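The values are calculated or read from the model by the stated rules, or taken from the named source; none is laboratory data. Note that this is a predicted model, so its numbers are computed, not measured. So basically every Cβ, Gly included, is an ideal-geometry build from the backbone, and we count neighbours across all protein chains shown. Protein only, heavy atoms only, side chains kept; ligands, DNA and RNA dropped before computing areas. Shrake-Rupley method; radii C 1.70, N 1.55, O 1.52, S 1.80 Å.
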Amino acid sequence: MSEPFPDSTEAVTDRPLNIPEYFLLLCLDDEKGKLLLDGPTVGMGIAGAALVELARRGRLEVTRSTVRSIEHPQQVFAADPNPPAWAHSTELEWPLEQVWDIIRAFTRHRDAEQWINRFSRQTLRDAVAASLVKRGIVEEDESTVLWIFHRTRYRERDEHFEHELRDRIRGVLMDGQPADDVTWPLISLMRTTRLLHRLFPDVDKAHIRAAAVTPVGSPATERSMSEALLATENAVAEALTATTGGASALD
């Protein structure tokens, strides 16, 4: 069953990209517009990124056993001496709002890994890509191969966002710069999906692991973000083990 992600009605603004958008940009070949990883792995990465972003924004509480929606994020950041800018905002951009609505409407307990498997379908990936297209960051290129197979690729039009992000990540991994609540989860997601060594092949594994597992951000949301990242790691590892029948160690 497909998730109900309709076409975006969000106005085009200069808002910062969210973690699912950043992750998809990193997964795209800059010139050819194709995915650097297999589709299912990218799907799980984007699904995990969506949960992490919603946790970062105080809209989800994630534990080992369940995911709970939060109506009023300002309550989450009430004790934070330096609350983030979105602490008093109830707005979510598309398609994060749809992900949150689906979780909020679900009446039974479901853990983060189950949600990641549910949202890992291509529907969410296409919705995130459509958001980047609307912003003018990538352009959609549709073609037919051998007159039968439909193919969609996304080539970058505005390279500023990815180049700036790569510089920030490189600074964390190679220059000892501090991570933040965007670079930390993205490094973790890239490590989990085996994307990081494709983009940064010369980085020491110890530096990668330290950056991936060290929480950074608001004390009010670090735990939920960590649990969402761990659930993504478990979902990807289980999928890899099921596919290959072997071990799936990260390092």
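Count, please, the residues in the range 175-206 that happen to be over 18 Å from the mean Cα position of the chain (by Cα) and within 24 Å of Leu51 (Cα to Cα).
Looking only at the range 175-206, we keep the residues that are over 18 Å from the mean Cα position of the chain (by Cα), and these are 175-178, 200-206.
From what is left, the residues that are within 24 Å of Leu51 (Cα to Cα) are 178.
Count: 1.
With a cut-off of at least 1 residues that are more than 20 Å from Ser224 (Cα to Cα) and touching a Lys or Arg at 6+ places or on another chain (Cβ under 6 Å), name the helices (runs of 4 or more DSSP H) lying wholly within the range 4-122. If you could, list the steps in order and put the result at the bottom.
On the way: elements: 19-27, 39-56, 73-76, 96-105, 112-119.
Correct list: 39-56.
Checking Ser218 against (1) touching a Phe, Trp or Tyr at 6+ places or on another chain (Cβ under 6 Å); (2) crowded, with 20+ Cβ neighbours inside 10 Å; (3) in a loop (DSSP other than H, G, I, E, B), which single condition isn't satisfied?
For Ser218, the failing item is (1).
Pick from Glu164, Glu159: which is farther than 22 Å from Val236 by Cα and in contact with an Asp or Glu (Cβ under 8 Å, 6 or more places away or on another chain)?
The unique qualifying residue is Glu159.
Pairs only if they're at least six apart or on different chains, beta carbon under 8 angstrom, first in the range 26-39 and free of Cβ contacts under 8 Å to residues at least 12 places away in the same chain, second part of a helix (DSSP H, G or I) and open to solvent by less than 50 Å² (accessible area, probe 1.4 Å); list them, first residue then second.
Going by the 8 Å Cβ cut-off, the qualifying pairs are Leu35/Cys27; Leu35/Val42.
Given the condition surrounded by 15 or more Cβ atoms within 10 Å (Cβ to Cβ) and assigned to a loop (DSSP other than H, G, I, E, B), answer yes or no: does some residue in the range 224-240 qualify?
Scanning the range 224-240 turns up no residue that is surrounded by 15 or more Cβ atoms within 10 Å (Cβ to Cβ) and assigned to a loop (DSSP other than H, G, I, E, B).
Condition test on Thr90, is it under 15 Å from Glu222 (Cα atoms), surrounded by fewer than 20 Cβ atoms within 10 Å (Cβ to Cβ) and among the polar types (S, T, N, Q)? Even if it seems obvious, please write down each step before you answer.
Working: under 15 Å from Glu222 (Cα atoms): no; surrounded by fewer than 20 Cβ atoms within 10 Å (Cβ to Cβ): yes; among the polar types (S, T, N, Q): yes.
In short, no.
Yes or no: Pro178 under 20 Å from Arg64 (Cα atoms), open to solvent by 30 Å² or more (accessible area, probe 1.4 Å) and of a type outside the set (A, V, I, L, M)?
No.
Does at least one position in the range 18-28 carry a residue that is open to solvent by 10 Å² or more (accessible area, probe 1.4 Å) and in contact with a strand residue (DSSP E or B) (Cβ under 9 Å, 6 or more places away or on another chain)?
no
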